[in-house]
Amino acid sequence: MKKILCGALLLLLLVTLPLGCGKKEAALKTLELHEVTRSVFYAPQYVALNLGYFEEEGLQVNITTSGGSDKAMTALLSGDADVCLAGPETAVYVYNAGQEKHPVVVGQLTKRDGRKGGMPLMTLCYVLRQHGLVPGQDLEVVDSIQFNMMGPAFEGGTGDYVTLFEPTATEMQNAGKGYIVANVGLESGSIPYTAYMVTPEKLTKDPDTVKAFLRAVYRAQQWCVTATDEEIAQAMQPSFPDTSLESLMIVAHSYRETDSWKQELVMEAADFDRLLDVIDTAGELTARPPFQDVVDNSLAQAVQNGK
């Protein structure tokens, strides 16, 4: 029986702070952002950071890499984070748990692609079933290895295949340690893979800050549409100091070719339904929450309309 290690599927990134774009640092409002992981998958976010878009909106965005959607969500609910970037399935889980102050999705960053109950694992199993392979019967899917140890475990001989975020997959291939054979996200179709979430209190009491944040991200999304692979790689590199420009260009080209980055912030109801289908197929969905209860597109729509 073949073994597939599943821990992460696409890419995520984190960034250090770019300095200065005309506004004094003292005048900037600090916003704490917790991301699920650091990956090129989140390129527009790092573009917004490194090209100074957040600063031009009056924000100093501090990014913390949480190392898992559950950890990013915990930071949001505890007040350690103002915004979290994670899989929207975490908002579904909190909603279904009956918490009155459940997180709200205010913007979507990626649309394609593990741990049990996480999108990387569930998307992989969803795709495997679409191709006639039943996890646990036709193959064994290993989901017990720590998120950041997937690559080393595979290198050490565990599993016949492994799913990895970028740029790890490309770096492993370049080092002759494996071959990229498929893009799971391309196979799965459009799914809200990672999104920005805030608490209802943040949305009610400080909508201008949330809107300013989304405006910077949307500007970066639009910039990535026309920028070259090299320009995107250069803009991201401060957030990936240990990754070569060449590798970042390869990954940027791959994500653009597979249409993995959202070009707009609004989450579509049809894509949300597909997300619920994936969670349901994995046996992790206790109820299908109404779209309007989990997603608030009002600020994202206003930003896209130039308001």
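Quick note: the coordinates plus some simple rules give every number you see, no bench work behind them. Just so it is clear, the structure is predicted and the values come from calculations on it, not from any experiment. No Cβ is skipped: glycine too gets one built from the backbone with ideal geometry, and neighbour counts run over all protein chains shown.
Annotations for the structure displayed:
- For Ala81, the residues whose modelled amide H falls within less than 5 Å of its own, excluding neighbours fewer than 5 places apart on the same chain, are Leu76.
- Approximating the spin labels as points 7 Å out from Cα along Cα→Cβ, the Tyr179-to-Lys29 distance works out to 5.3 nm.
- The modelled label-to-label distance between Glu257 and Asp160, using points 7 Å beyond Cα along the C-beta direction, is 2.6 nm.
- Neighbour-count order for Tyr126, Tyr179, fewest beta carbons within 10 angstrom listed first: Tyr179, Tyr126
- Other-chain or far-sequence residues with amide H under 5 Å of Tyr193's (modelled H): Thr110, Lys111, Arg112
- Taking Thr226, Thr168, Thr37, Thr163 and counting other C-beta atoms within 10 Å, the order from fewest to most: Thr226, Thr168, Thr163, Thr37
- Residue order, fewest to most surrounding Cβ atoms within 10 angstrom, among His131, His34, His253: His131, His253, His34
- Listed by chain and number, the aspartates and glutamates whose C-alpha is less than 13 Å from the C-alpha of Lys177, apart from same-chain residues fewer than 8 away, are Glu155, Asp160.
- Taking each residue as 0.36 nm, the span from Ala302 to Arg288 lengthens on full extension beyond its C-alpha to C-alpha distance by 2.3 nm.
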